[in-house]
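Below is one structure, written out as structure tokens; comments come after it.
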Amino acid sequence: MTFLFCLMLFTWQDDSPIHFVDRIALKVNDKIITQRELVAMYQQRRQGYMEAFRGAELDEKLKSCWDDTLKEAQEQLLLYENAVQEGVSLSEEDVRTRLNAMRESNGFTDEEFEKIIQEQVGMALPEFIKYRQRVDSSDQVIQARILSRIKIEESDIAKYYSENRTQYMTPATYRIAEIALLKGEGDPLAAKIKANSAADFLKKGGDFTEAAQMYSDSPSKENGGDLGTVEFGDLNASIEDRVKAMEPGGVSEIFETPTAFFIIKLLERTPPRPKPIQDVRPEIVRKLRAPRMEAQMKSYITELKEKYLLQVILKKPPKYLDLDEKI
């Protein structure tokens, strides 16, 4: 097979043009990944690390980013060749049809869709189609040759759920009613006087709903101050600190936040409860399958390396890539 090596222009974040000849980076039999494609894969992975990690963990991830990319590319190409050999690979037309369906469902024009791919993935559409052809064909092999062989027994799921029940809890919730007296931009004294009046009304046996309707500045006054059911963490920490110390039916003293004076009533509270096992079963299956899949994958890739001719031509990153640079 004859390959055309053409001069490509790269423009990086510092807007300085980089010129280089697009060479073959990896080869499995007659299937290839070019240097341009490998660099795009590296940049995708690097951006993912930048978004997912921080501090020392990020530093370690960035150090291994090129090696991780090279490993991913080798596995991808080996699996793609395997998919072709076993007749389960996708054609370019299959991939193009999938992408067109995605484009149409989002209402993009061809030009808009190609621009989004270029911006997000760093590949032109023809390159991206070949990339997706490799990835999706590899997924076909993984599904047929690896995932389908991993059996997770119901007894394993039940055991994991029992031992890790605290990981699968519905969050605690509470329902409160409020009387909120807003300070406004001027002297907060008027709000404090109004709050005292509401508190006096309640101490004399007044109904909280009626007090909210008479005194509160919040839109919730229309519902007697009732804010509905919320999860812990959804409201102001000053409010939630008091809720934690209250019993249902209890009414707080006046307390102050930067914007208002509050009186709250705890209407009800629901403690955390275990989610039904059927609701969390898919997540548990994924967790149990992950280590088994890793072992199976490693073994299968080893078999493919013995079966096919793998050539790693570009072992080190191109000189123009600054692997220590951070965004």
Matching option when the condition is modelled with pLDDT of 95 or more and among the β-branched types (Val, Ile, Thr), among Val39, Val28, Val21: Val28
Pair list, Cβ < 9 Å and 6+ apart or interchain, from segment 147-162 residues that are at pLDDT 95 or above to residues that are among the aromatic types (Phe, Trp, Tyr): Tyr161/Tyr168
Pairs where the first residue, in segment 187-205, is surrounded by 14 or more Cβ atoms within 10 Å (Cβ to Cβ) and the second is among the basic types (Lys, Arg), C-beta under 8 Å, 6+ apart: Ala191/Lys183
Filter result for Ala212 (among the small types (Gly, Ala, Ser), touching a residue at least 40 places away in the same chain (Cβ under 8 Å) and not assigned by TED's automatic domain parsing to the domain that holds Gln143): no
Residue among Lys298, Lys305 that alone is assigned by TED's automatic domain parsing to the domain that holds Arg36, closer than 24 Å to Glu81 by Cβ and either part of a loop (DSSP other than H, G, I, E, B) or free of Cβ contacts under 8 Å to residues at least 12 places away in the same chain (or both): Lys298
Residues that are in contact (Cβ under 8 Å) with a residue 40 or more places away in the chain and either more than 30 Å from Ser148 (Cα to Cα) or aliphatic (A, V, I, L, M) (or both), drawn from segment 275-295: Ile277, Val280, Ile284, Val285, Leu288, Met293
Some residue of segment 140-158 being within 22 Å of Lys27 (Cβ to Cβ) and within 23 Å of the chain's Cα centre (by Cα): yes
Residue selected from segment 38-67 under the condition closer than 15 Å to Ala25 by Cα and of a type outside the set (Val, Ile, Thr), by the criterion surrounded by the fewest Cβ atoms within 10 Å (Cβ to Cβ): Asp67
Subset of segment 224-274 that is part of a helix (DSSP H, G or I) and among the acidic types (Asp, Glu) - its residue that is nearest to Ala212 (Cα to Cα): Glu240
Selected residue (only one of Ile116, Ile142 is of a type in the set (Val, Ile, Thr), part of a helix (DSSP H, G or I) and within 29 Å of Pro318 (Cα to Cα)): Ile116
Condition check for Ala177: exposed (fewer than 14 other Cβ atoms within 10 Å of the Cβ) and either among the small types (Gly, Ala, Ser) or over 25 Å from Met246 (Cβ atoms) (or both): no
Residue check for Lys287: surrounded by 11 or more Cβ atoms within 10 Å (Cβ to Cβ) and out of contact with any Phe, Trp or Tyr (no Cβ under 9 Å at 6 or more places or on another chain): no
Any hit, segment 315-323, residues being in a helix (DSSP H, G or I) and either more than 26 Å from the chain's Cα centre (by Cα) or modelled with pLDDT of 95 or more (or both): no
Output for segment 211-223, where each listed residue is surrounded by 13 or more Cβ atoms within 10 Å (Cβ to Cβ) and either under 22 Å from Ile193 (Cβ atoms) or of a type in the set (Phe, Trp, Tyr) (or both): Ala211, Ala212, Gln213, Met214, Tyr215, Ser216, Asp217, Ser218, Ser220, Lys221
Some residue of segment 111-120 being crowded, with 17+ Cβ neighbours inside 10 Å, out of contact with any Phe, Trp or Tyr (no Cβ under 7 Å at 6 or more places or on another chain) and within 27 Å of Ala295 (Cβ to Cβ): no
Qualifying residue in segment 155-166 (condition: surrounded by 16 or more Cβ atoms within 10 Å (Cβ to Cβ), out of contact with any Asp or Glu (no Cβ under 7 Å at 6 or more places or on another chain) and aromatic (Phe, Trp, Tyr)): yes
Residues of segment 22-33 classified as touching a strand residue (DSSP E or B) at 6+ places or on another chain (Cβ under 6 Å) and assigned to a strand (DSSP E or B), total: 7
Any chance Arg134 is among the basic types (Lys, Arg), in contact with a strand residue (DSSP E or B) (Cβ under 9 Å, 6 or more places away or on another chain) and assigned by TED's automatic domain parsing to the domain that holds Gln44: yes
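The values are calculated or read from the model by the stated rules, or taken from the named source; none is laboratory data. The structure displayed is predicted, hence computed values, not measured ones. FYI the Cβ positions are ideal-geometry reconstructions off the backbone, even for glycines, and counts take in every protein chain you see.
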